[in-house]
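Report on one structure; see the data block that follows.
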Amino acid sequence: MTIQPLLRNLKGMRFYNFLRESIPLSNSPCCQKVIPDCQMSKPKTQLQYLADQYIELYLTYAGSSGTLDKQKFQKMMDEQFPDIAEKEQAKDKLFQELDANKDNQLSFDEVSRLIARYLNDTHEKFKHL
Ligand SMILES: [Ca+2]
């Protein structure tokens, strides 16, 4: 099973609005710890802010371990993708699919593949508006 059918069920506008309305976090202590060059001489671009926000959001769920186990992943999905929150089996399958190295943990890279696919699907939806 691929995640494409699951992602089609997500509402792209919700994620897009989340990104647009989020408060820039680049000056927060967490961001400066994670991204050493946070205090750059030039103002950050909108895309750099979005990247910072994504990383901070990931770390909110990952915690000190730096990875998502199945429970943390389900919490992230419930809160960030509530449209599929009630589909427990779908989330389990998605977790297994994303866990490329089969260590029962999702690394930043593994979760980022989900976000990349979600962005692509959202972009496709924008083409048809
Ligand atoms: Ca893994």
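General remarks:
- The range 87-96, residues that are surrounded by fewer than 16 Cβ atoms within 10 Å (Cβ to Cβ) and at pLDDT 90 or above: Asp92, Lys93, Gln96
- Considering residues of the range 87-99 that are out of contact with any strand residue (DSSP E or B) (no Cβ under 9 Å at 6 or more places or on another chain) and within 12 Å of the ligand (Cβ to nearest atom) only, the residue farthest from Arg117 (Cα to Cα): Gln96
Residue-wise test of (1) among the acidic types (Asp, Glu); (2) surrounded by 12 or more Cβ atoms within 10 Å (Cβ to Cβ).
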site: Thr60; (1), (2): no, yes
site: Leu98; (1), (2): no, yes
site: Glu110; (1), (2): yes, yes
site: Lys127; (1), (2): no, no
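- Identity of the residue in the range 64-86, outside any helix (DSSP H, G or I) and modelled with pLDDT of 95 or more, that ends up farthest from the ligand (Cβ to nearest atom): Gly66
The values are calculated or read from the model by the stated rules, or taken from the named source; none is laboratory data. Quick caveat, the model's predicted, so the values are computed rather than measured. Cβ coordinates were reconstructed from backbone atoms using ideal geometry, including for glycine residues, and neighbour counts include every protein chain displayed.
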